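Data first, discussion second: the structure below is written as structure tokens.
What follows draws every value from the coordinates through simple rules; no lab data is involved. Keep in mind that what you see is a predicted model, and the values were worked out from it rather than measured. Note that we place each Cβ from the backbone using ideal geometry, even for glycine, and neighbour counts take in every protein chain shown.
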Amino acid sequence: MATLQQLAELVGGQVQGDPALEIARVYPIDQAGESDITFVANPKYLSKLDQCRASAIIVTPGVEAAGRNLLICANPYLAFAKILTFLQGSRTPAKGVMAGAHVAESASLEEGVTIHPGCIVGEKVQIGAGTTLYPGVVIYDDVVIGSDCLLHAGAIVRENCILHDRVILQPSAVIGSDGFGFAPDGSAYYKIPQVGIVVLEEDVEIGAGSCIDRAALGETRIRRGTKLDNLVQIAHNVEIGEDTVMAAQAGIAGSSKIGRHCTFGGQAAVAGHLTVGDNVMIGGRGGATKNVASNQLLSGVPLIPHKQWLKASISFAKLPEMRKELQRMAKRLEELETQVKED
Amino acid sequence: MATLQQLAELVGGQVQGDPALEIARVYPIDQAGESDITFVANPKYLSKLDQCRASAIIVTPGVEAAGRNLLICANPYLAFAKILTFLQGSRTPAKGVMAGAHVAESASLEEGVTIHPGCIVGEKVQIGAGTTLYPGVVIYDDVVIGSDCLLHAGAIVRENCILHDRVILQPSAVIGSDGFGFAPDGSAYYKIPQVGIVVLEEDVEIGAGSCIDRAALGETRIRRGTKLDNLVQIAHNVEIGEDTVMAAQAGIAGSSKIGRHCTFGGQAAVAGHLTVGDNVMIGGRGGATKNVASNQLLSGVPLIPHKQWLKASISFAKLPEMRKELQRMAKRLEELETQVKED
Amino acid sequence: MATLQQLAELVGGQVQGDPALEIARVYPIDQAGESDITFVANPKYLSKLDQCRASAIIVTPGVEAAGRNLLICANPYLAFAKILTFLQGSRTPAKGVMAGAHVAESASLEEGVTIHPGCIVGEKVQIGAGTTLYPGVVIYDDVVIGSDCLLHAGAIVRENCILHDRVILQPSAVIGSDGFGFAPDGSAYYKIPQVGIVVLEEDVEIGAGSCIDRAALGETRIRRGTKLDNLVQIAHNVEIGEDTVMAAQAGIAGSSKIGRHCTFGGQAAVAGHLTVGDNVMIGGRGGATKNVASNQLLSGVPLIPHKQWLKASISFAKLPEMRKELQRMAKRLEELETQVKED
């Protein structure tokens, strides 16, 4: 519970209406009711305000809604997220190493750590203050984990990898699996030991079931603030810049370097040994087959400007028709040529 | 073991031959032998009957096979599945909470539950009669699981999610991971708490490694009888209708609504905030980029009728040739124009 | 530590320079220093030799590098891998069944097995000499595992499956999940019991999060030496030949047979019930929709020769332009026809 005024202060906004109004919950505009606050981030949903039964609404400056309690701020979506976080309350108190967890004696845990049953923490592991390991998390030897990290059930971090502060691993995320490296030896393959590590910097989040391979030599590094969705594949020796986001099932092949503040759609891919610049947006299922310069919005394989790809994709359906038209025209042309020659 | 007559009664079919014949096993037509029953669901395999050594064969009405023991029924493939289930025998007896499992005292288990070693069951979890948790399953707090569910090893169900009766989770399926929601806050991203849940209705099956994200607010819901293959991604706030099937590595982006009785091929995808109707078939790797009406068979990106896509895909290979032909024709046309002008 | 001479003997190469030089580490050419050995497998990196500070360099015969310590051999990349393996040292000594592991009494373990805490090993499981199960591995009943296998954390092997010697499972790999088989029964689906198994032959490696479904009847088989990357899907009853490699997120649909010594790029796919020959290379995201003969390099959907696909993909971007050109030409042609008729 919080008053509307408290929430306005939290997000740096202003109240129009009753500042003492008690708010219990954030809820969607068409389901919200008594004691709920909702938000309108997109002007096209303003028409829903009339029928909305929420006690208060987060809106941008200039929105008219006579008789309603409004929280006015520049970015209602961000305000919604911050209020949701605030109302959710603080984390539950730390529980220490719970019965049924196995933590090596040589591991060192800072204050406020919670390690649930079924977790296995290896030799010489270091875990920072306030970090929580949900049930069934496995940490191999010599891993270093920062403060206030959240590792969900079934997440696995292999030997020597490093997680900075506030890293979140969704369930079954795998950090530090072997890179896919084999040297041809006649017709068979010889496994190249993958002796490098993975580094996840501050505020990185890795989605459920996503796999970040360790480097063959050196490191695979994902920089501060980057967020990967579920079932994403990051191969060995990849580097990803700060504040980049990748949607589910995207895949980055070995040794490629991705810039900062990029956005990749679902199932997008980057081939190996490439460089992708900063602020690059790749549409869903787009695939980079050569280096990509910064500040572009691209789609398709090979990547082309997104608008051009949209047009070409629509033309694709007309291909059979185009072939027939070509054949018809060739025939007409031939007839004309004959006729002109005869004249 | 069962007699041919018993099996005929099980599947609502008729015996032609020896009703007392003992059948021990269902086996493929080209490997079956003594005491085996096999089936011919596709007429193109009828020619294999001559060399088939099975003791009995499940066929459709009208199939001629002199001197053979036949089980005649309308749907041999369904009969095969039912007989296989029957001969496999009933489930092993319940084992209760086995040593090495951790079940919170506040959890409530109905009769006939089996919880294998290495499982972790959280506070206030409810588990229905006859449900089995294989080793290493993790159930977070406040989850509700119905009767006769089967959760395979490594499956994870996060807080507050709901599984109805007879839900099957294959190994490492993840239910209730955080949706991929972040609000831009300057150049960095602010995590939007994902406080909704996932509901899996009766008879839903989720494949190995598949991830079903919880809703940001409200619920992600998969309706009765829907089956998802392995490594499928279902984003937050998605709804999927009844009896829909999706092959491996398909992905549905946030807030999309999929109808009932749809069939999606492998690696197919649906972009966010879309509606797909009922009885829609999307071919392998097809991708919906806008709303899709019911009762269609579609492929490609953007989706077009499957037959049209097949033709266009074949024409695709001719594109370089078509461009050259266009250039040649342009030249011929120019020559003709000059010539006609001169005349 | 080893002398350069010892390493040369290990890989069947020759020393040029100081055979007694002590080598501690293999390291990348631009980061290597004192006591390091590095390698040049690709002639285009020879220019880096001048600035390289490694104590020794693995090169092919004929490379000139006055005053440097060289290890000369035919395949520097393979030599690098073998030296890396050697310097990494032997595996840690076996630890037996560690506290916190659950192994059924009916299971039989050969000598030198290590089973970490949190592992669950079912009834009548057999595990060969020198095999290691990292924490949280789950082995269902009646599984047979060969010698010197390495099963990483969270790997799951379901009932009756068979792993031959030296199989490696990366974290969270799933072996023997149910195949995706359902028989339509009116509008709903009836689950077809998947009673077959998976066989992984010698030296097979399965990537993190990859899923290998058990056969409906019979077996899914992956033959000797085949390597699958992360998040790969192998459906029921698939067979894959020897020494084939598949990059991440590839998917093979049910009952398809893949030959030996094939190479599939990332996200590549094969539809169901197909046969792919030997020595087939399929480019990233290529998709087989019909049988594929041996000894080809193919891309696209449907598959076409890779070079043709490259050209067609580039032409794709020109499609809107081509359509316009077609329309312009049609108009010019019509005008000409009118003019010629009038003449």
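At-a-glance table
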read-out	value
Within the range A:2-88: Cβ-based charge dipole about Cα centre, in debye rounded to nearest 20 (Lys, Arg +1; Asp, Glu -1)	220 debye
Copy-to-copy label separations for B:G218, where each label sits 7 Å from Cα toward Cβ, in nm and ascending	4.7, 4.7
For C:D141, label point 7 Å along C-beta direction: distances to other copies, nm	3.6, 3.6
Loop-located GluC sites (Glu not before Pro) in the range B:12-107, at most 16 other Cβ atoms within 10 Å (DSSP)	B:E34, B:E64, B:E105
Whether the range B:2-88 is rounded, prolate or oblate, judged on the alpha carbon gyration tensor where a/c under 1.5 counts as rounded	rounded
Cα shape, chain C, gyration tensor, a/c 1.5 rule	oblate
Cross-link pairs beyond the 27 Å C-alpha cut-off, checked among A:K227/B:K307; B:K227/B:K290; A:K290/B:K257; A:K307/B:K311	A:K227/B:K307; A:K290/B:K257
Burial ordering of A:M281, A:M1, fewest other beta-carbon atoms within 10 Å first	A:M1, A:M281
Relative contact order [Cα under 8 Å, 6+ residues apart], the range C:2-87, whole percent	32 percent
Over the range C:146-290, relative contact order from alpha-carbon pairs under 8 Å, at least 6 apart, %	15 percent
Ranked list, fewest to most other Cβ atoms within 10 Å of each Cβ, for C:R158, B:R260, A:R328	A:R328, B:R260, C:R158
DSSP-defined antiparallel bridges as percent of all bridges, the protein assembly as shown, nearest 5	15 percent
Cα centroid separation, the range A:190-205 to the range B:219-265 (Å)	33 Å
³J(HN,Hα) computed for each position of the range A:123-133 - Karplus, 6.51 cos²θ - 1.76 cosθ + 1.60, integer Hz, glycine/proline x	5, 6, 5, 10, 10, x, 4, x, 7, 10, 10
Distance from the range C:296-343 to the range C:1-41 (C-alpha centre basis), Å	57 Å
Under Karplus coefficients 6.51, -1.76 and 1.60, residue-wise ³J(HN,Hα) of the range A:279-296 in Hz, glycine/proline x	6, 9, 10, 10, x, x, 6, x, x, 7, 10, 8, 4, 10, 6, 5, 6, 9
For B:L21, distant residues with modelled amide H under 5 Å away	B:L4, B:Q5
Alpha-carbon centroid distance for the pair the range C:103-134 / the range B:274-293, whole angstrom	47 Å
Karplus-derived HN-Hα couplings along the range C:56-62 (A = 6.51, B = -1.76, C = 1.60, θ = phi - 60°), whole Hz, x at Gly and Pro	8, 9, 8, 9, 7, x, x
Within chain A, helix-based [θ] at 222 nm, where runs of 4 or more DSSP H residues each add -39,500 (n - 2.57), nearest 500	-5500 deg cm²/dmol
For C:A188, inter-copy label distances in nm, listed shortest first [label point 7 Å out on the Cα-Cβ vector]	5.1, 5.1
Tensor-based shape of the range A:28-134 (alpha-carbon gyration tensor, a/c under 1.5 rounded, otherwise prolate or oblate)	prolate
Number of partner chain Cβ atoms within 10 Å, mean per residue of B:198-208	3
Listed residue (B:N279, B:G146, B:V340) projecting farthest to the positive dipole end of chain B, Cβ model	B:V340
Per-residue Cβ neighbour rank within 10 angstrom, fewest leading, C:K290, B:K48	C:K290, B:K48
Average other protein chain Cβ within 10 Å of Cβ, residues A:292-298	0
Within chain B: Cβ-based charge dipole about Cα centre, in debye rounded to nearest 20 (Lys, Arg +1; Asp, Glu -1)	960 debye
The range B:96-307 - share of DSSP beta bridges that are antiparallel (%, nearest 5)	10 percent
Electrostatic dipole magnitude of the protein assembly as shown [Cβ: Lys, Arg +1; Asp, Glu -1; Cα centre; debye, to 20]	2560 debye
